[in-house]
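The values are calculated or read from the model by the stated rules, or taken from the named source; none is laboratory data. Keep in mind that what you see is a predicted model, and the values were worked out from it rather than measured. Reconstructed Cβ throughout: ideal geometry from the backbone, glycine too, with neighbour counts over all protein chains shown.
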Amino acid sequence: MSQELERVYTINLGKALLSVDTHRAPRAINMIKEFARHHMKTSEIKIDEDLAHQIWARGVRSPPRKIRVRMNKTDEGYVLVSPYSEEKESKVLSKKELKEKSKKEKKDAAKVEKDAAKVEKDAAKVEKDAAKVEKDVAKVEDVAEVKKEVKKEVKKEVKKEVKKEVKKVSKGVKKKSK
């Protein structure tokens, strides 16, 4: 064969559930190989590692009931069975759909611009509030410094008063003791 042959099949693995529960995943692998031999007319079958992982993912006891596979017949004469991954086709849009899509995009862009303006306004408010908080913090710090100074002054005054009282009391005690 000079060209590769590729086919996509959905294989029903439901009969694997009729096997003993400890042999279900190996039976599913054998069913895939049998299916490939029958449909691709070749006895040499190789199963892709990703497909094997997909079958064994839920353990030996619960293989999938159905599986979608891609079978490639190569020049070397064997068939490679791999999991099928859909390739999305690009959709061709009509003029009407294009206009609707562009209108929707314009509306979305307008919403984004409005939201951006709101965010800018909110940011300005936050900056103003931050400035107010900084001023308040500065005032509190000033008050704390003044409070410390007042405490120091009060302590000095109290000490002076106490010394005066002690002197008065000590003079009185000296006079009585004589």
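Can you confirm whether region 55-71 contains a residue that is part of a helix (DSSP H, G or I) and either aliphatic (A, V, I, L, M) or modelled with pLDDT under 95 (or both)? Walk me through it before giving the result.
Going residue by residue through region 55-71, those that are part of a helix (DSSP H, G or I) are 55-56.
Within this subset, residues satisfying the condition of being either aliphatic (A, V, I, L, M) or modelled with pLDDT under 95 (or both) are 55.
Yes.
Restricting to region 33-52, count the residues that are part of a helix (DSSP H, G or I) and closer than 12 Å to V69 by Cα.
Qualifying residue count, region 33-52: 6.
Considering only residues that are in contact with a strand residue (DSSP E or B) (Cβ under 9 Å, 6 or more places away or on another chain) and either surrounded by 13 or more Cβ atoms within 10 Å (Cβ to Cβ) or touching a residue at least 60 places away in the same chain (Cβ under 8 Å) (or both), which ones fall in region 45-57?
Hits for region 45-57 are I45, K46, I47, D48, L51, Q54, I55.
Tell me whether region 85-94 contains one or more residues that are surrounded by 10 or more Cβ atoms within 10 Å (Cβ to Cβ) and either touching a Phe, Trp or Tyr at 6+ places or on another chain (Cβ under 8 Å) or polar (S, T, N, Q) (or both).
Checked region 85-94: no residue is surrounded by 10 or more Cβ atoms within 10 Å (Cβ to Cβ) and either touching a Phe, Trp or Tyr at 6+ places or on another chain (Cβ under 8 Å) or polar (S, T, N, Q) (or both).
Would you call E86 free of Cβ contacts under 8 Å to residues at least 12 places away in the same chain, farther than 30 Å from I45 by Cα and not hydrophobic (A, V, I, L, M, F, W, C)?
No.
For the subset of region 1-32 comprising residues that are crowded, with 16+ Cβ neighbours inside 10 Å, assigned to a helix (DSSP H, G or I) and free of Cβ contacts under 8 Å to residues at least 40 places away in the same chain, which member is nearest to the chain's Cα centre (by Cα)?
Filtering first and then ranking leaves A25.
Name the residues in region 58-83 that are hydroxyl-bearing (S, T, Y) and in contact (Cβ under 8 Å) with a residue 40 or more places away in the chain, would you?
Hit for region 58-83 is T74, nothing else.
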